[in-house]
Each structure stands twice: as C-alpha cells, then as structure tokens.
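Enquirer: My structure is below; once you've seen it, I'll send some questions.
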Amino acid sequence: MPLKQSDAIVLRTYPLREADLLVTLFTRAEGKVKGVARAAKKSKRRFGGALEPLTWVRAYYEDREGQELTRLDSCDILESPLSETVDYPRVVALEHIAETLDELLPDREENDALFRLTVSVLHQLRAGSIWMPLTYFQLWLVRLVGFLPELNECVACGAALNGSRAYYHALADGLMCPQHKRLASSELSPASREMASRMFRASAESFAADTWAAGDYADLRRLLVQIMQRHIEKKLVTAAMLAKL
C-alpha cells in the first residue's frame, strides 16, 4: 500500500516498547490520526526533532488492513515551536492547545478550518504574549466543534442580552439573564461578549498588536474551559496550570 502524506500537527507522543513511540497527529487530510513510529527514539534521519508537541510537519504514514494504528514512516519539519523563545507560560499555552485538540477531536474526521486556525494561532503564540491567541483559539475551537452557545440571548427565556448582564453556570449550557440565572452562576462581562463578537469577524493576526494581561477577558476563557470540560466529562490538566499563571 502506498504511503499517505499530509501536513500535520503533532499533539502527543508516548513511549512504546524500547525505541518506538505512539504518536497522535492532527492531520489536515484526515483529522486526528494515531500511529506507531518505529525506532523513533533512534532514527534522527526519519524523525529528528519532528515529534515534539505542536511541531508542524509533513507526515508520511501507512494504514494497514485490520490494524487500528497507522504506521508512521517519517516526518519533515515545516515549523517548530522550539525555533522561537520558550518560557514557562508559552509552554503551558502550547500544551493546552495540544490537550484540547486531542480531547475534543474525534478520530479520522477532517476539519480543515480547525487545522488552519491552529496554524494561525501558533504563529501568534509568543513568549510574553499568550493570552490573546489563547483566547482566540479557545473561542473558535469551541465554535468549530459545535459546542458554543448563543452569546446574545438568554437560554431560559430567549431575551436579548445586548446591553444587559449575562451569567453562566458550570452545569448548564448557554447564558442566562439576571432573572433566570442559577445559584452560584458567574458573570460574563459585556466587554468579553463584545470581544468574542470581534474575534468572530476578524483573523487572529488582526489582534497581534493588542497587549493582554492574564486578567483580560479571563471570564470568557473560564466559560470556554467550562464548556469543553462539560462535554468531555473530565478536567483539563492544562486549564488548572493556566489559572495559576
């Protein structure tokens, strides 16, 4: 069977036997693909540093009849996150992107829009400047996988939330007006709803000049993380790490 090839983003690697690695790729052609890279720990010619998380590669792989895992033959590096300055916040942000993609993407389901989003955000995610691209990524990820609720109307009564206060709850879908908010709800500020609207109308590059601190639009990120965690029914490890930055 001839080798397949696709641009791909490395999400995860796990040790498998003495020299092999189990690799999870987000491929442009087929979505999330899991495979075995034989002798990856020894072969610099076939893999080199190409299997570092969030490396953008051209992957060559083969599906074998009756086997769930593909055989990863080799990878060519297109772009590496290690080519730019790496500090701890950027490492955590990169790990968060890898974790959320791995958890939310189904196997073998092509999603070109999400692949292009990921590449675009990785270009913006630099040391000392993680919060804008991270927010942009979370917002569009939740939207593209179909989990994002309507942000301009109350889920309980359908009333427009434009100009009014809006609330969300960890165990409920959608935003609620003050009249229908649940106990222990959190507020999503008008500024965050406006930023979400702006991000839906523009590319990540158009916000590149914005300087965000950790507290800027943090309520929007909390909402998006809660939505993701509710749908995957588990806590995101990197979400807790980001909250401590």
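The values are calculated or read from the model by the stated rules, or taken from the named source; none is laboratory data. All values reported here derive from a predicted model rather than from experimental measurement. In this analysis, Cβ positions are derived from the backbone assuming ideal geometry, glycine residues included, and neighbour counts consider all displayed protein chains. Surface areas here come from the heavy atoms of the whole protein model, side chains and all, with no ligands, DNA or RNA. Shrake-Rupley method; radii C 1.70, N 1.55, O 1.52, S 1.80 Å.
Enquirer: Only one of (1) farther than 13 Å from Val10 by Cα; (2) open to solvent by less than 20 Å² (accessible area, probe 1.4 Å) is not met by Thr118, so which one is it?
Expert: Result: Thr118 passes all but (1).
Enquirer: Follow-up. Please enumerate the residues belonging to segment 1-47 that are crowded, with 17+ Cβ neighbours inside 10 Å and on the phi > 0 side of the Ramachandran plot.
Expert: Gly31
Enquirer: If you don't mind, there's one more thing I want to ask. Report, by residue number, each residue of segment 59-70 that is over 26 Å from Glu84 (Cα atoms) and surrounded by fewer than 21 Cβ atoms within 10 Å (Cβ to Cβ).
Expert: Glu62, Asp63, Arg64, Glu65, Gly66, Gln67, Glu68, Leu69
Enquirer: Also, I was wondering about something else. Tell me which of these Trp140 doesn't satisfy, since it passes every other one: (1) touching a helix residue (DSSP H, G or I) at 6+ places or on another chain (Cβ under 7 Å); (2) open to solvent by 30 Å² or more (accessible area, probe 1.4 Å); (3) outside any helix (DSSP H, G or I).
Expert: Exception for Trp140: condition (3).
Enquirer: Ok, one more. Examine segment 49-58 for a residue that is of a type outside the set (Ser, Thr, Tyr), under 15 Å from Arg108 (Cα atoms) and open to solvent by 20 Å² or more (accessible area, probe 1.4 Å), and state whether such a residue exists.
Expert: no
Enquirer: If the Cβ limit is 8 Å and pairs must be 6+ apart or interchain, which residue in segment 137-160 that is under 22 Å from Glu95 (Cα atoms) and among the charged types (D, E, K, R) pairs with which residue that is in a helix (DSSP H, G or I) and open to solvent by 20 Å² or more (accessible area, probe 1.4 Å)?
Expert: Here the result reads Arg143/Phe200, each pair linking segment 137-160 to a residue that is in a helix (DSSP H, G or I) and open to solvent by 20 Å² or more (accessible area, probe 1.4 Å).
Enquirer: Same structure again: Among the candidates Glu99, Glu110, single out the residue that is charged (D, E, K, R) and in contact with a helix residue (DSSP H, G or I) (Cβ under 7 Å, 6 or more places away or on another chain).
Expert: Glu99
Residues checked against (1) over 24 Å from Ala113 (Cβ atoms); (2) in contact (Cβ under 8 Å) with a residue 12 or more places away in the chain; (3) not aliphatic (A, V, I, L, M):
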position	(1), (2), (3)
Ser206	no, no, yes
Ala209	yes, no, no
Ala214	yes, yes, no
Tyr217	no, yes, yes
Arg221	no, yes, yes
Gln226	no, yes, yes
Ala243	yes, no, no
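Enquirer: Would you mention how many residues in segment 80-115 are modelled with pLDDT of 95 or more, open to solvent by 70 Å² or more (accessible area, probe 1.4 Å) and within 19 Å of Ala59 (Cβ to Cβ)?
Expert: 4
Enquirer: From the list Ala50, Ala59, exactly one residue is over 28 Å from Leu245 (Cβ atoms), at pLDDT below 95 and touching a Cys at 6+ places or on another chain (Cβ under 6 Å). Which is it?
Expert: Ala50
Enquirer: Only one of Ala218, Ala208 is modelled with pLDDT under 95, farther than 20 Å from Ala156 by Cβ and surrounded by 13 or more Cβ atoms within 10 Å (Cβ to Cβ); which?
Expert: None of the others qualify; the one that does is Ala208.
Enquirer: Tally up the residues in segment 161-184 that are within 18 Å of Ser197 (Cβ to Cβ), of a type outside the set (A, V, I, L, M, F, W, C) and either at pLDDT below 95 or more than 28 Å from the chain's Cα centre (by Cα) (or both), please.
Expert: 5
Enquirer: Within segment 98-136, count every residue that is part of a helix (DSSP H, G or I) and not acidic (Asp, Glu).
Expert: Residues flagged as part of a helix (DSSP H, G or I) and not acidic (Asp, Glu) within segment 98-136 amount to 22.
Enquirer: Something else about it: Would you please list the contacts, defined by Cβ atoms under 9 Å and residues six or more apart or on different chains, that run from a residue in segment 168-180 that is on the phi > 0 side of the Ramachandran plot to a residue that is part of a loop (DSSP other than H, G, I, E, B) and open to solvent by 10 Å² or more (accessible area, probe 1.4 Å)?
Expert: Close Cβ pairs (under 9 Å, with a partner that is part of a loop (DSSP other than H, G, I, E, B) and open to solvent by 10 Å² or more (accessible area, probe 1.4 Å)) amount to Gly174/Pro149; Gly174/Glu150; Gly174/Leu151; Gly174/Val155; Gly174/Ala156.
Enquirer: Further, regarding this structure: Do we find a residue being crowded, with 18+ Cβ neighbours inside 10 Å, within 17 Å of Leu25 (Cα to Cα) and in contact (Cβ under 8 Å) with a residue 60 or more places away in the chain anywhere in segment 71-79?
Expert: The answer is yes, given that some residue of segment 71-79 is crowded, with 18+ Cβ neighbours inside 10 Å, within 17 Å of Leu25 (Cα to Cα) and in contact (Cβ under 8 Å) with a residue 60 or more places away in the chain.
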